[in-house]
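Working notes, structure below.
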């Protein structure tokens, strides 16, 4: 039976016309599936479905998603990420999920991961670094963070990383999927010799706006988006400095697990609220009510910026 599949030109170019035609005819396409974005059930015989091709260095995996979640597209990922995704699909992934709260007022506990990338004209190339986060993710230079030096010497430049926490926050009466970004140490502008924390200023220059009231969602930041795949967080994307396709501002070393409530919220709204605060402002909060309280305090002090972002490709 023919399927209600969308196969983009990019996906067709990767898999070939013959395979694409077999998919559309229903030969190699499933009926029921779990959406690779929101992880809720879908059916290629009953609703528009996007073909999403994840391409690594040696492996490619074809997945399916609600057309209302993401369009048909090719998503480049690292080989390690792709193999991890395959393990999760086949049930072989035994990596620990984000810890749940002992009780859930009002929803399950947030997931947390350390992070990777803050582009700038003088930012160094990404390189591995240790991460203390309970859920592993990609770690690479963000900008220079100065640590105190012994004996009154000049501060010693150290690599700073971002921490990313997922949680559901109430905005008005709506439960919204949110990400909270906070560096592990003060951030200065790449190439700068100053010692002040310029993280929020750098983000303001990239289109993030001050958040003074969490009762209203932050404004959209054009060109920025959040990449979900197979129910996990893979990256936050920003416009390429010279134009062209989006590039990773933050990319997970290992795809970050997301709670069912978070995925449900983003499935309803098709947007993610991304908040950012300077080092030491929010901290790692074990419950979402505590995360919200910390965000409220940061907003009241004028120490919070934010942006609303669609899912990648939407």
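The values are calculated or read from the model by the stated rules, or taken from the named source; none is laboratory data. The model shown is predicted, which means the values in this text are computed figures rather than measured ones. Virtual Cβ from ideal backbone geometry, glycine too; neighbours counted across all protein chains shown.
Every condition in (1) surrounded by fewer than 21 Cβ atoms within 10 Å (Cβ to Cβ); (2) in contact (Cβ under 8 Å) with a residue 40 or more places away in the chain; (3) farther than 20 Å from residue 56 by Cα holds for residue 240 except the one numbered (2). Here residue 228 meets each of (1) buried (at least 23 other Cβ atoms within 10 Å of the Cβ); (2) more than 12 Å from the chain's Cα centre (by Cα) with one exception, condition (2). Selection of region 211-248 for residues being within 23 Å of residue 302 (Cβ to Cβ) and part of a loop (DSSP other than H, G, I, E, B) yields 211, 212, 213, 214, 215, 216, 217, 218, 219, 221, 224.
Being modelled with pLDDT under 80 and either surrounded by fewer than 14 Cβ atoms within 10 Å (Cβ to Cβ) or not in a helix (DSSP H, G or I) (or both) is a property that residue 88 lacks. Scanning region 5-26 for residues that are touching a helix residue (DSSP H, G or I) at 6+ places or on another chain (Cβ under 8 Å) and not in a helix (DSSP H, G or I) yields 5, 7. Regarding residue 219, is this residue in contact (Cβ under 8 Å) with a residue 12 or more places away in the chain, assigned by TED's automatic domain parsing to the domain that holds residue 292 and surrounded by 21 or more Cβ atoms within 10 Å (Cβ to Cβ)? Against the criterion (in contact (Cβ under 8 Å) with a residue 12 or more places away in the chain, assigned by TED's automatic domain parsing to the domain that holds residue 292 and surrounded by 21 or more Cβ atoms within 10 Å (Cβ to Cβ)), residue 219 does not qualify. When residue 82 is tested against (1) farther than 27 Å from residue 257 by Cβ; (2) in contact with a strand residue (DSSP E or B) (Cβ under 6 Å, 6 or more places away or on another chain); (3) modelled with pLDDT under 75, just one condition goes unmet, and that condition is (1). Of the residues making up region 166-205, those that are under 17 Å from the mean Cα position of the chain (by Cα) and modelled with pLDDT of 90 or more are 166, 167, 168, 169, 176, 177, 178, 179, 180, 181, 182, 203. Here residue 29 meets the list (1) assigned to a loop (DSSP other than H, G, I, E, B); (2) modelled with pLDDT of 75 or more almost entirely, failing just condition (2). Scanning region 234-257 for any residue that is outside the structural domain of residue 72 (by TED's automatic domain parsing) and within 13 Å of residue 177 (Cα to Cα) turns up nothing. If the condition is being out of contact with any helix residue (DSSP H, G or I) (no Cβ under 8 Å at 6 or more places or on another chain) and either on the phi > 0 side of the Ramachandran plot or assigned to a strand (DSSP E or B) (or both), then region 256-301 contributes 256, 257, 270, 271, 273, 274, 280. For residue 246, the conditions (1) modelled with pLDDT of 80 or more; (2) over 30 Å from residue 51 (Cβ atoms); (3) surrounded by fewer than 18 Cβ atoms within 10 Å (Cβ to Cβ); (4) touching a strand residue (DSSP E or B) at 6+ places or on another chain (Cβ under 7 Å) are fulfilled apart from (2).
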